[in-house]
Amino acid sequence: MDIRLTHVAHAIAVARTGSFTAAAKDIGITQSAVTRGVADLERQIGYEIFHRTSRRVLLTDRGRIFIESAERLLADARTLLSSQASGDAFADTLRVGICPAALEWMLFEPTIALQRKHPNLRFDLSSSSFERMVQSLLAGSVDVAVGFAGAFAEWPELHLEPIPALNTTLFARNGHPILEHKIASPDMLVAYDLVLPSGLRPHGVAFQALYEHHGIDWRRRVHIVDYFPITKEIVLKSNALAVAPSDYVATARMKRLFTSVRVDGFSIDFSTPMCCATRARWRQTPAVREFIITTRKSTTKR
């Protein structure tokens, strides 16, 4: 298959601008040339990249994956040429994902340490739900993602590098009825709603089983929230419980409003395995390799 890179670039421009006319103006060629280039590309790959309407064009599901991969491939080519010209293997853009967004603080130390060590290294940091992050990894729009090992382990297409576990705890607002007990039992937990981040394994499954054991539909009791300020607000304004890093719940700022909930007899360990995930069939760049090593070192200090 002899695919012309110029046609790929045309498709990327259409996806970015939202129309063939705007893409042609952006590239500096005629609209008919862009339309022909994209049509030839779609014919070669065997499926439509865009839905065409009278007003605009929209990416198809397969087209979105294609564009994300194509953007990454072209960016990699530009980076390769730049690093070869400069002689610096770290003259690169490192795309790092974190899921859920509540764990963004974990990126602070490794990114600062790497930026100081390699001034030519640039970062593209993003956070999202677990499912979207996996798709970004597989499409190549993210180089490495940090998150819960239990969730990423379900995807054989990914390679996992373990980093130190994250100690988590349940927490509640000060004055919550469950705090009348120094140590709560699992049976007490089911009386309350629960707020969890996406991809939290095996905690989510264990809580679901606990609710269902008591004849309660867990889907009516569990909130999935990746933005931690919203989690805190839900817990503060209700009797819901939530999960957070133990060290964070123990800070003076959190203790003004919240208290850790001690639970005995539950079937899960609140020491949560963590990892850095990359695509399995992809050679790690020097920047990715050093990011993983630096993240492992920084999280060891927690």
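The values are calculated or read from the model by the stated rules, or taken from the named source; none is laboratory data. Keep in mind it's a predicted model, so treat the numbers as computed, not measured. Neighbour counts run over all protein chains shown; Cβ positions are idealised from the backbone, glycine included.
Of all residues in the stretch 249-264, which are modelled with pLDDT under 90 and surrounded by 15 or more Cβ atoms within 10 Å (Cβ to Cβ)? Once the filter is applied, which keeps residues that are modelled with pLDDT under 90 and surrounded by 15 or more Cβ atoms within 10 Å (Cβ to Cβ), the stretch 249-264 yields only Val263.
Every residue, every condition in (1) of a type in the set (Val, Ile, Thr); (2) outside any loop (DSSP other than H, G, I, E, B); (3) surrounded by 20 or more Cβ atoms within 10 Å (Cβ to Cβ), yes or no:
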site: Val235; (1), (2), (3): yes, yes, yes
site: Phe266; (1), (2), (3): no, no, no
site: Ala277; (1), (2), (3): no, yes, yes
site: Ala287; (1), (2), (3): no, yes, yes
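Per this entry, Leu160 is counted among residues that are outside any helix (DSSP H, G or I), within 19 Å of Phe291 (Cβ to Cβ) and aliphatic (A, V, I, L, M). Just to verify a result, which residue in the stretch 236-254, among those that are free of Cβ contacts under 8 Å to residues at least 40 places away in the same chain and among the small types (Gly, Ala, Ser), is farthest from Ser198 (Cα to Cα)? If we take residues in the stretch 236-254 being free of Cβ contacts under 8 Å to residues at least 40 places away in the same chain and among the small types (Gly, Ala, Ser), then Ala252 is farthest from Ser198 (Cα to Cα).
Scanning the stretch 194-225 for residues that are crowded, with 16+ Cβ neighbours inside 10 Å and among the charged types (D, E, K, R) gives Arg201, Arg221. Just to be sure, is Thr294 modelled with pLDDT of 90 or more and more than 17 Å from Leu166 (Cα to Cα)? No; evaluated as a whole, the condition is false for this residue.
Kindly indicate whether any position in the stretch 15-36 is at pLDDT 90 or above, surrounded by 15 or more Cβ atoms within 10 Å (Cβ to Cβ) and touching a His at 6+ places or on another chain (Cβ under 7 Å). Checking the stretch 15-36: at least one residue is at pLDDT 90 or above, surrounded by 15 or more Cβ atoms within 10 Å (Cβ to Cβ) and touching a His at 6+ places or on another chain (Cβ under 7 Å). Mind listing whichever residues of the stretch 152-170 are among the hydrophobic types (A, V, I, L, M, F, W, C), out of contact with any Leu (no Cβ under 7 Å at 6 or more places or on another chain) and either surrounded by 19 or more Cβ atoms within 10 Å (Cβ to Cβ) or within 30 Å of Thr259 (Cα to Cα) (or both)? Once the filter is applied, which keeps residues that are among the hydrophobic types (A, V, I, L, M, F, W, C), out of contact with any Leu (no Cβ under 7 Å at 6 or more places or on another chain) and either surrounded by 19 or more Cβ atoms within 10 Å (Cβ to Cβ) or within 30 Å of Thr259 (Cα to Cα) (or both), the stretch 152-170 yields Ile163, Ala165, Leu166. Among the residues of the stretch 54-64, those identified as of a type outside the set (Asp, Glu), closer than 16 Å to Gly18 by Cα and not in a strand (DSSP E or B) are Ser54, Arg55, Arg56, Thr60, Gly63, Arg64.
Report whether or not Ile65 is surrounded by 15 or more Cβ atoms within 10 Å (Cβ to Cβ), under 30 Å from Val288 (Cα atoms) and touching a residue at least 24 places away in the same chain (Cβ under 8 Å). Considered against the rule, which asks whether it is surrounded by 15 or more Cβ atoms within 10 Å (Cβ to Cβ), under 30 Å from Val288 (Cα atoms) and touching a residue at least 24 places away in the same chain (Cβ under 8 Å), Ile65 comes out as yes.
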